[in-house]
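**Student:** Let me give you the structure first, and then I'll get to my questions.
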Amino acid sequence: MRNIAILASGTGTNAENIIKYFSNKNTAKVSLVLSNKRQAQVLKRAEENNIRTVFFEHKEFYVTGKVLRYLMLYKIDFIVLAGFLWLVPENIIEQYAGRIINIHPALLPAYGGKGMYGEIVHKTVLTNKDKESGITIHYVNKFYDKGDIIFQTRVKVDPSDTPASLAEKVHSLEYLHYPKIIEDLVVKLPDFSFKGPDEA
Ligand code: GAR
């Protein structure tokens, strides 16, 4: 049984969908939900599903190592970003090489980078009169939305779409695919081993 941690900053509908998907699996479970926003709805959703939550501040992510300590404490094998808006620090990326993924609500490399998230992405797709959008699931590296792409799928954009209706279509794709991709990846993982200073 692998332990998954979710990092999220917002509403957390993907996080809840992933928690529910793994609630009756013997491959993996969501063991920890961490957020950089104390009031984020994702924390309430996780608590309602009896998942342990952790709030962290900027320096606890980038300087003091609190987040990495929690990941170690709960023996986390795999990290899932679901609406998380900060870059992951290099020490976590090194410890979790090939074990951190993100979902982006567009077809990367289009509409990626700092500041491109959620509704802003959908508004830009509509402003540009694109005929299609979609989702991208990718590995996380030290740059915004630049890690290797694992999976993409498309959805038609209609002339009548609004940012909200496009967000709904994209969310549906996310709910359908993200948990399955996570499962495909975690079942293939070798045991996690903490890398010492020479290996990390
Ligand atoms: C999702 O659509 C996800 O793709 C997007 O934030 C939304 C979170 O929704 N992520 C990004 O834009 C990352 N750049 P949720 O909180 O309801 O799961």
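**Student:** Identify all residues within region 67-91 that are on the phi < 0 side of the Ramachandran plot and within 16 Å of the ligand (Cβ to nearest atom); write none if there are none.
**Tutor:** Correct list: I79, V80, L81, A82, F84, L85, W86, L87, V88.
**Student:** If D158 satisfies all but one of (1) within 13 Å of the ligand (Cβ to nearest atom); (2) farther than 27 Å from I4 by Cα, what's the number of the condition it fails?
**Tutor:** Only one criterion is unmet by D158, namely (1).
**Student:** Here's something else I'd like to know. Would you check if M116 is touching a Phe, Trp or Tyr at 6+ places or on another chain (Cβ under 9 Å), of a type in the set (A, V, I, L, M, F, W, C) and assigned to a loop (DSSP other than H, G, I, E, B)?
**Tutor:** Values: touching a Phe, Trp or Tyr at 6+ places or on another chain (Cβ under 9 Å): yes; of a type in the set (A, V, I, L, M, F, W, C): yes; assigned to a loop (DSSP other than H, G, I, E, B): yes.
Criteria met by M116.
**Student:** Could you tell me whether region 103-119 includes any residue that is at pLDDT 95 or above and more than 14 Å from the ligand (Cβ to nearest atom)?
**Tutor:** Scanning region 103-119, I find no residue that is at pLDDT 95 or above and more than 14 Å from the ligand (Cβ to nearest atom), so the answer is no.
**Student:** Test of understanding: among K169, K180, which residue is crowded, with 16+ Cβ neighbours inside 10 Å and modelled with pLDDT of 95 or more?
**Tutor:** Criteria check complete, one pass: K169.
The values are calculated or read from the model by the stated rules, or taken from the named source; none is laboratory data. As the structure is a computational prediction, the values presented were derived from the model and not from experiment. We place every Cβ from the backbone using ideal geometry, glycine too, and count neighbours over all the protein chains shown.
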